[in-house]
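Student: Shown below is the structure under consideration.
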Amino acid sequence: MTCTRCGSHAINPNSHGRQPGIDLDLCDVCYWRKRAETARRDDSAEIDAIEAQVLNVELASAAQEREYRRFKLAKAAITGASCRGMTFQEMEEIVQNARELADATLAELERTK
C-alpha cells in the first residue's frame, strides 16, 4: 500500500503514536502533517474569532465615544452656548434637533452596553 499524498510505502498504522484505524491511506509523515495542518487551521480560526471580538469591542467603544461627543454638542446647543446672534426660530430649531440627537444618542449608548 502507498500513501495517497506522497506515494511513500512507510505506512505503519500501529506505530509512532498513530491512532489505530485512522487515516490508513497516509504514510507516517503525512499522517502527522495532516494533524499539524488541522491544528493550525483550528488555531487560526480561534485567533480570527478573538480578533473579531476585539474589533467589535473597539468599534463599540469608538461608537460610544462618537455618540458621547454628539451628546455633548447637543447639550451645548440646548443650553444656548452656541446660539448667540440667532433668531428665536433658529434657536428653537437647533434645540429641537439637539433634543432629538440627544435622545438618539442615549438610545444608542443603551443599545451598545
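Student: Please find, within the range 1-32, the residue that is nearest to the chain's Cα centre (by Cα) out of those that are in a loop (DSSP other than H, G, I, E, B) and hydroxyl-bearing (S, T, Y). Outline the logic, then answer.
Tutor: Start the filter on the range 1-32 by keeping residues that are in a loop (DSSP other than H, G, I, E, B), which leaves 1-27.
Next, only the ones that are hydroxyl-bearing (S, T, Y) stay: 2, 4, 8, 15.
On the way: T2: 44, T4: 39, S8: 43, S15: 43 Å.
Among them, the one singled out is T4.
Student: Still on this model: Report yes if A77 is assigned to a helix (DSSP H, G or I) and either of a type outside the set (V, I, T) or at pLDDT 75 or above (or both), otherwise no.
Tutor: Numbers: assigned to a helix (DSSP H, G or I): yes; either of a type outside the set (V, I, T) or at pLDDT 75 or above (or both): yes.
For A77, the condition - assigned to a helix (DSSP H, G or I) and either of a type outside the set (V, I, T) or at pLDDT 75 or above (or both) - is met.
The values are calculated or read from the model by the stated rules, or taken from the named source; none is laboratory data. These numbers come from a predicted model, not from an experiment.
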